[in-house]
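As structure tokens, the structure follows; a few thoughts come after it.
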Amino acid sequence: MSGQQITLDFPSAHNYGRHQFMIGACNAIAADWIDRWPDWPGVIRAVIIHGDQYCGKSHLAAIWKDASKATDIASIAAGIDHLDPARAYVLDGLACGADWPDETLFHLLNRFTGSAGSLMILATEAPALMPWRLPDVTSRLAAINTAQITTPDDDLLVHLLRKLSDDRGMALDDEMITYIVKRMERSFGSANSIIDALNAISITEKKKVNMAMTRKVLADIQPTLF
């Protein structure tokens, strides 16, 4: 048997409750739209939330689904006949492509125009700026309430790193978190990558996370900064 240590990667415990969502300048507008439902203005009762991966879109959607009893929709390639315009849905990962054909999306938006139902649309970029073939799709998306989740500030990164480490059962002290925040790329994705790497090395070495591990992980992930 090899002497190499095997890492057991257990899933982290994600808590998507309202009180666990950390609000900062980068996401306050998006969070406010969740709190304002069902009073969303417009001919389509809908809101678009867009931002980078790991920015908290799924967390906000989970909060809204709890309130609205919405159902996730990851593709409309098979059609929309089963969708009830009086109910609520999350269109998760909207993007130009096979999962979201222009004609079907156009009919979906028309179906929800003036209806009692609600749509939350999640995307990595503003859908109205995507290269849709049908101008009518672009114009309808442009008319929907939109909020962008932008780059997190240092205060939010501190809270985010602490939450991500707690979710994985790790304990990062203030010195480690300050060290990371001063040197990391300002993004939600970078925070997740750093915590995942620290978790992996901690499991492999069967040790609590320490400053030496923290320095190594940052040097491996962002070598140009060291």
Notebook entry, point to check: Just wondering, is there one or more residues in region 182-191 that are without any contact (Cβ under 8 Å) to a residue 24 or more places away in the chain, of a type outside the set (A, V, I, L, M), assigned by TED's automatic domain parsing to the domain that holds VAL47 and surrounded by fewer than 18 Cβ atoms within 10 Å (Cβ to Cβ)?
Noted result: no
Check: Out of (1) surrounded by fewer than 15 Cβ atoms within 10 Å (Cβ to Cβ); (2) farther than 30 Å from VAL90 by Cα; (3) not acidic (Asp, Glu), what's the single condition that is false for ARG133?
Finding: (2)
Notebook entry, point to check: Could you list, in sequence order, the residues of region 101-155 that are over 25 Å from GLN53 (Cα atoms), touching a strand residue (DSSP E or B) at 6+ places or on another chain (Cβ under 9 Å) and part of a loop (DSSP other than H, G, I, E, B)?
Noted result: GLY114, SER115, GLY117
Margin query: Condition first: more than 30 Å from PRO41 (Cβ to Cβ), small (Gly, Ala, Ser) and in a loop (DSSP other than H, G, I, E, B). Can you find one or more residues in region 179-191 that meet it?
Written below: yes
Note to self: Anything in region 42-69 that is in contact with a strand residue (DSSP E or B) (Cβ under 7 Å, 6 or more places away or on another chain) and more than 30 Å from ARG186 (Cα to Cα)? List them, or say none.
What the structure shows: GLY42, VAL43, ILE44, ARG45, SER68, LYS69
Next item on the list: Looking only at region 40-86, count how many residues are of a type outside the set (Gly, Ala, Ser), farther than 21 Å from ALA143 by Cβ and part of a loop (DSSP other than H, G, I, E, B).
Entry: 8
Margin query: Exactly one of these conditions fails for ARG168: (1) of a type outside the set (Val, Ile, Thr); (2) more than 23 Å from the chain's Cα centre (by Cα); (3) crowded, with 17+ Cβ neighbours inside 10 Å. Give me its number.
Written below: (2)
Next item on the list: Please work out which one of (1) in contact (Cβ under 8 Å) with a residue 40 or more places away in the chain; (2) not in a helix (DSSP H, G or I) is the condition VAL90 fails and give its number.
Entry: (1)
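The values are calculated or read from the model by the stated rules, or taken from the named source; none is laboratory data. Quick caveat, the model's predicted, so the values are computed rather than measured. When we count neighbours, we look across all protein chains shown, and the Cβ atoms used for this are built from the backbone with ideal geometry, even at glycine.
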